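Reviewing the structure listed below.
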Amino acid sequence: MHAVLITFRSAVSAEEMAEGNRQFAEGLRSGAAPGFVSKTWLSDGATIGGFYLFEDRQVADVYLDGMFAEAVGKDPAFSDIRIERYEVDETFSAMTNGLAAMTVSGRG
């Protein structure tokens, strides 16, 4: 499993983004990003983003180059985009009820 932490600054308020976020979330839920496992939505004022889990690094690459680039990367309202990538240690994550434990148990 591969984890991606994405943060960026938004010049648009949370209220203005609510409908777009809902549509984006619906797309993720309905399979618009094959191999996507989960997203935890993050916000701290104008800094927003998400913690994502993907089946593997290649799937994450496809998401970042496609759906993410179209929705965020090309929008001038978003700046200071930061992407961090990590391999998930599923064994220890399962031992501590990490997010990977949810997907190992068949929830994701």
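Every number in this text was worked out from the coordinates using simple rules, so none of it is lab data. Source: prediction; values computed, not measured. Neighbour counts run over all protein chains shown; Cβ positions are idealised from the backbone, glycine included.
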Quick one: length gained pulling residue 21 to residue 80 fully straight, 0.36 nm per residue minus the C-alpha distance? 19.4 nm
Write out the GluC sites (Glu not before Pro) in region 1-79 meeting two conditions: DSSP loop, and at most 15 other Cβ atoms within 10 Å of their Cβ. 55
Students often get this wrong, so try it: which of (i) 2, 10, 14, 10, 8, 7, 7, 9, 9, 8, 7, 5, 3, 1, 0; (ii) 2, 14, 25, 25, 19, 11, 3, 0; (iii) 2, 12, 22, 25, 19, 12, 6, 2, 0 is P(r) over Cα pairs in 5 Å bins from 0, in percent as calculated from the structure shown? (iii)
For helix 14-29, report the angle its Cα long axis makes with the longest principal axis of the Cα atoms of the chain; keep it between 0 and 90° and round to the nearest 10°. 40 degrees
If amide H atoms are built 1.01 Å from N in the plane of the peptide, which residues on other chains or at least 5 residues away come under 5 Å of the amide H of residue 12? none
Extended-chain gain in nm, criterion 0.36 nm per residue less alpha-carbon gap, residue 43 and residue 55: 1.9 nm
